[in-house]
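Engineer: Can you keep this structure in mind? I'll have questions shortly.
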Amino acid sequence: MTTPLQFDLSTPDLSAWRAGNTGTEGVWHFDSGLPGRHVLISALIHGNELCGAWALKGMLEAGVRPQQGKLTLAFCNLAAFDRFDAGNHDASRFVDEDLNRQWSAERLQSSDTQERRRARELQPFVAQADWLLDIHSMHEPAAPLLVVGMQARNLALARVLRSPGHMVIDPGHQDGVRMRDHGRFGEMDSDGSDNGTRSVLIECGFHGDMSSRTVAQDMCVRFLQAAGTLPGDALQQLLPGWLQGDCERQWALEVTGPVVARSADFRFTQPFQGLECIAKAGTVIGWNGSEPVTTPYDDCVLVMPSVRQAKPGVTVVRFARRRPL
Ligand SMILES: [Zn+2]
């Protein structure tokens with residue numbers, strides 16, 4: 001068993017913002033009445049990832065409203081968040097199963113679990129959005145990552161955002177479809193054109209680090225400005241101090257494959273923090289039960305290694321090739 005890491009970020013009081021204004025709990029929607037993108041910013045897809053909840057609460061308290069297009073803010077897994085306990089924070093990731101694996105047509109038809117019922121409630125808002133920023137945090141202390149999927153249009157957006165330093169290009173997970181891959185968001189670019197959607201998932205660092213909130217707030221400002229929802233000066237006025245400095249260098253990490261645990265008995269050879277670059281192919285980095293796990297090529301980068309949720313079928317690390325963005 002691993003012991004919980006120290007948790008410094010306090011739990012936001014969402015009571016004033018819980019109801020939403022859409023008839024769907026936790027979902028706020030604002031319409032400028034003018035043409036423009038429909039932007040969705042989501043938080044608490046995982047109940048123990050508080051940084052995004054802080055950012056949404058901050059935007060609601062500041063009275064952020066779109067000057068063009070529409071803005072939806074969604075506190076997603078409130079049922080899991082209600083169980084949050086800083087002393088056992090891994091336990092409130094979800095109630096029955098991972099809400100970020102329920103976004104296939106098949107699972108959205110099912111109401112077998114708390115998360116599938118919640119995904120069904122949220123789905124119309126996801127389907128209507130043009131741009132999605134999904135805010136997450138991580139099991140372990142690590143540098144922030146922007147997960148952009150396989151679409152070149154999302155990588156192009158990452159360049160415009162100028163933060164964070166690392167983009168993860170990946171096809172998702174074997175155990176289900178993520179919200180950021182749902183519907184139009186999951187469509188590939190065809191012949192150099194795109195369908196107008198953007199969907200990125202920001203991993204803001206460790207769940208309990210104060211800096212995760214800073215990263216979430218910074219990314220909200222960047223995203224709203226890039227989407228044209230509000231101009232930079234209005235954002236600066238409404239959300240003073242949220243925007244941080246640009247990253248000097250940005251890297252694209254092309255995920256080549258996951259390592260999937262066969263059982264809870266998975267262990268790494270070192271306490272990897274993520275983004276380590278392992279020089280030699282064939283280096284043993286962990287043990288999947290009794291079987292060694294080796295790097296498949298030279299200069300292999302480890303993306304989000306963690307055994308905290310290890311059980312059969314769960315991804316414990318992903319391998320990636322690195323190149324300048
Ligand atoms: Zn998450």
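Quick note: the coordinates plus some simple rules give every number you see, no bench work behind them. On a predicted model such as this, the values are computed, not experimentally measured, just so you know. Cβ coordinates were reconstructed from backbone atoms using ideal geometry, including for glycine residues, and neighbour counts include every protein chain displayed.
Engineer: Identify all aspartates and glutamates with a Cα-Cα distance to residue 70 below 13 Å; exclude those on the same chain that are fewer than 8 residues away in sequence.
Structural biologist: Partners within reach: 31, 130.
Engineer: Here's another thing I want to ask about it. Roughly how big is the chain's charge dipole about its Cα centre, with Cβ charges of +1 (Lys, Arg) and -1 (Asp, Glu), in debye to the nearest 20?
Structural biologist: In total the dipole reaches around 260 debye.
Engineer: Express the relative contact order of the chain as a whole percentage, based on alpha carbon pairs under 8 Å and six or more residues apart in sequence.
Structural biologist: For the chain, the relative contact order is 17 percent.
Engineer: Roughly speaking, what % of Cα-Cα pairs in segment 253-324 are separated by over 17 Å, rounded to a whole number?
Structural biologist: The proportion of pairs with Cα distances above 17 Å equals 34 percent.
Engineer: Pop out the Kirkwood hydrodynamic radius of the chain from its pairwise C-alpha distances, inverse of mean 1/r, in Å to one decimal.
Structural biologist: It is 20.0 Å.
Engineer: How do the peptides 25-31, 95-101, 84-90, 49-55 rank, highest first, by the average count of neighbouring beta carbon atoms within 10 Å per residue?
Structural biologist: Descending mean neighbour count gives 49-55, 95-101, 25-31, 84-90.
Engineer: Considering the chain as a Gaussian network with a 10 Å cut-off on Cα pairs, which listed residue, 245, 289, 69, attains the greatest mean-square fluctuation?
Structural biologist: 245
Engineer: On a straight-distance basis, which aspartates and glutamates could pair with residue 311 in a cross-link, Cα separation under 20 angstrom, same-chain partners fewer than 8 positions away excluded?
Structural biologist: Those aspartates and glutamates meeting the cut-off are 90, 96, 97, 98, 115, 140, 175, 265, 291.
Engineer: Going Cα to Cα from residue 57, which aspartates and glutamates come in below 12 Å? Please leave out same-chain ones fewer than 8 positions away.
Structural biologist: 13
Engineer: What does DSSP give for the chain in terms of the percent of beta bridges that are antiparallel, rounded to the nearest 5?
Structural biologist: Counting only bridges with both partners in the chain, antiparallel ones make up about 55 percent.
Engineer: Separate question: Can you order the peptides 248-258, 153-163, 187-197 by their average number of other Cβ atoms within 10 Å per residue, highest first?
Structural biologist: Per-residue mean Cβ counts within 10 Å order the peptides as 153-163, 248-258, 187-197.
Engineer: Right, here's the next one. For helix 50-62, report the angle its Cα long axis makes with the longest principal axis of the Cα atoms of the chain; keep it between 0 and 90° and round to the nearest 10°.
Structural biologist: On a 0 to 90 degree scale, this one is about 10.
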